[in-house]
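Q: Questions regarding the structure given below will be posed in turn.
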Amino acid sequence: MGTTSLGSSPFVIAVVNQKGGVGKTTTAVNLAACLAASERPTLLIDIDPQANASSAYGITNAERQVYDALIDGSPLTQCAFETELETLHVVPAGRDLVGAEIELVSIEAREYRLAQSIQALGDAYEIILIDCPPSLGLLTLNALTAADAVLIPLQCEYYALEGLANLTETVELVRGQLNPRLEIQGIVLTMADGRNNLARQVEAEVRSHFGEKVYRTRIPRNVRLSEAPSHGQPILLYDIHSKGAAAYVKLADELLTQLALTSPPRKPPVLPNPQSSIQPGGQDEPTP
Ligand code: ATP
Ligand code: MG
């Protein structure tokens, strides 16, 4: 797989697939943790009204969230939470975001709101992952406009390739009209089951069509991955010895090799008004 030369920090990756339930959130949550564990200051932004990536880090009913950045222009660092991993911060989503898709329509530069917020962060983080909703609406469009690249989780089943064609068309459109930087970083096969014939056929087709863009690492179906969110922890903290953890560590290694980061590892920014997902009661009553 080729390497991406990093022009400037941060490198922004949107985790996208308009198909529901393919492992976007599981990938965003766990990849973010693995990248942070390699001491790269990482920010995970949840831009899905379902807020699954937020609750996967134990964050619910956050006082300040991505909505405030998108609609009111609040700085992202004011919306971010600290996590158990020192190098990982999370900007959560919440129910407000359901309305944001409609509110955005009447806002100036509506496709660029997230890009502007991320730009204002400067080089505080090295890597930013954005967990997108299962649609190609204005929220996903904001992620694609803010991103350097997309990471596509793909479940090997019958209609996967058809959905992938729509998604690559959307990436082309966004590249042509809103964000000339946008690239496909890679496709990651999720919930893989090597014993399933159809899955093997689909995998072979995806690899022959997309070649080096498909990561060598497959994420296996692993029950520990589906349990971890209910404990508010990424797999790395929930069960580091699981197959799921090993797979996401390998995927992070492949991604880091692609990104060829050369700067020495460093610490993330100090948040101005830290909200913490790890304080007792902190998830329901963020610190003022
Ligand atoms: P949505 O489109 O609704 O946002 P998604 O693409 O983000 O969904 P996930 O929420 O990550 O998908 O995964 C869907 C379901 O599958 C979840 O219950 C999750 O726990 C489970 N799951 C995801 N990946 C795996 C895996 N590798 N092994 C076992 N279960 C998994
Ligand atoms: Mg999701």
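Q: What's the number of the condition I107 fails, among (1) among the β-branched types (V, I, T); (2) crowded, with 20+ Cβ neighbours inside 10 Å; (3) modelled with pLDDT under 95?
A: Looking at each condition in turn, I107 falls short on (2).
Q: Residue under question is N61, and the condition is that it be of a type in the set (S, T, N, Q), on the phi < 0 side of the Ramachandran plot and surrounded by fewer than 19 Cβ atoms within 10 Å (Cβ to Cβ); does it hold?
A: no
Q: Taking into account only those residues within the stretch 133-158 that are part of a helix (DSSP H, G or I) and more than 14 Å from ligand 1 (Cβ to nearest atom), which is nearest to K213 (Cα to Cα)? Steps first, answer last, please.
A: Residues of the stretch 133-158 part of a helix (DSSP H, G or I): 138-146.
Now restrict to residues that are more than 14 Å from ligand 1 (Cβ to nearest atom): 138, 141-142, 144-146.
Working: L138: 26, L141: 22, N142: 23, L144: 18, T145: 21, A146: 21 Å.
Out of the qualifying residues, it is L144.
Q: Then there is this: Kindly check whether there is at least one residue in the stretch 122-132 that is open to solvent by 10 Å² or more (accessible area, probe 1.4 Å), closer than 21 Å to G163 by Cβ and within 16 Å of ligand 1 (Cβ to nearest atom).
A: No, every residue in the stretch 122-132 fails to be open to solvent by 10 Å² or more (accessible area, probe 1.4 Å), closer than 21 Å to G163 by Cβ and within 16 Å of ligand 1 (Cβ to nearest atom).
Q: Does E86 satisfy the condition of being open to solvent by 30 Å² or more (accessible area, probe 1.4 Å) and over 21 Å from I235 (Cβ atoms)?
A: In short, no.
Q: Tell me yes or no: at least one residue of the stretch 139-149 is of a type outside the set (S, T, Y), open to solvent by 10 Å² or more (accessible area, probe 1.4 Å) and modelled with pLDDT of 95 or more.
A: yes
Q: Sticking with this one: Suppose we keep only residues that are of a type in the set (S, T, N, Q) and open to solvent by less than 20 Å² (accessible area, probe 1.4 Å) within the stretch 36-58. Which one would you say is nearest to ligand 1 (Cβ to nearest atom)?
A: S54
Q: Any residue in the stretch 127-147 that is without any contact (Cβ under 8 Å) to a residue 40 or more places away in the chain and farther than 14 Å from S54 by Cβ sitting within a Cβ distance under 9 Å of a residue that is open to solvent by 10 Å² or more (accessible area, probe 1.4 Å) and of a type in the set (S, T, Y)? List the pairs, counting only those 6 or more apart or interchain.
A: L141/T170; T145/Y112
The values are calculated or read from the model by the stated rules, or taken from the named source; none is laboratory data. Note that the structure is a prediction, hence the values are computed from the model and not measured. Backbone-built Cβ (ideal geometry, glycine too); neighbour counts: all protein chains shown. Only protein heavy atoms, including side chains, enter the accessible area calculation; ligands, DNA and RNA are left aside. Shrake-Rupley method; radii C 1.70, N 1.55, O 1.52, S 1.80 Å.
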